[in-house]
Amino acid sequence: IAAAVEPLAFDRIYGAWWGRNIAAGAKAAFEASVARYLAAIA
């Protein structure tokens, strides 16, 4: 998923639940989330 998303330019993510939207800096937040997940499963 990270490889598929990497070339995309985006700054916002709209969450599935109330209060879970990321209004700015979403790509950095996504990359940090990927890093946390990979560390957790390593």
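The values are calculated or read from the model by the stated rules, or taken from the named source; none is laboratory data. Just so we're clear, the structure is a prediction, and the values are computed from it rather than from any experiment. Glycine gets a Cβ as well: all are built from the backbone with ideal geometry, and neighbour counts include every protein chain shown. Heavy atoms of the whole protein, side chains included, go into the accessibility calculation; ligands, DNA and RNA do not. Shrake-Rupley method; radii C 1.70, N 1.55, O 1.52, S 1.80 Å.
Below are the figures for this structure:
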| quantity | calculated |
| --- | --- |
| On Cα atoms only, tilt of 26-41 relative to the major axis of the chain in degrees | 30 |
| Loop chymotrypsin sites (Phe, Trp or Tyr not before Pro), the range 1-35, which have at most 11 other Cβ atoms in a 10 Å radius of their Cβ (DSSP) | F10, Y14, W17, W18 |
| Potential extension, V5-A29 segment - 0.36 nm per residue separation minus Cα distance | 7.4 nm |
| Apportionment of accessible area to carbon and sulfur, the chain, percent (1.4 Å) | 65 |
| Accessible area (Å², per residue) of the chain, counting only protein heavy atoms and a probe of 1.4 Å | 87 |
| Normalised contact order of the chain, rounded percent, pairs of Cα under 8 Å and 6 or more residues apart | 31 |
| Ratio of Rg to Rh over the chain (Cα coordinates, Kirkwood Rh, two decimals) | 1.00 |
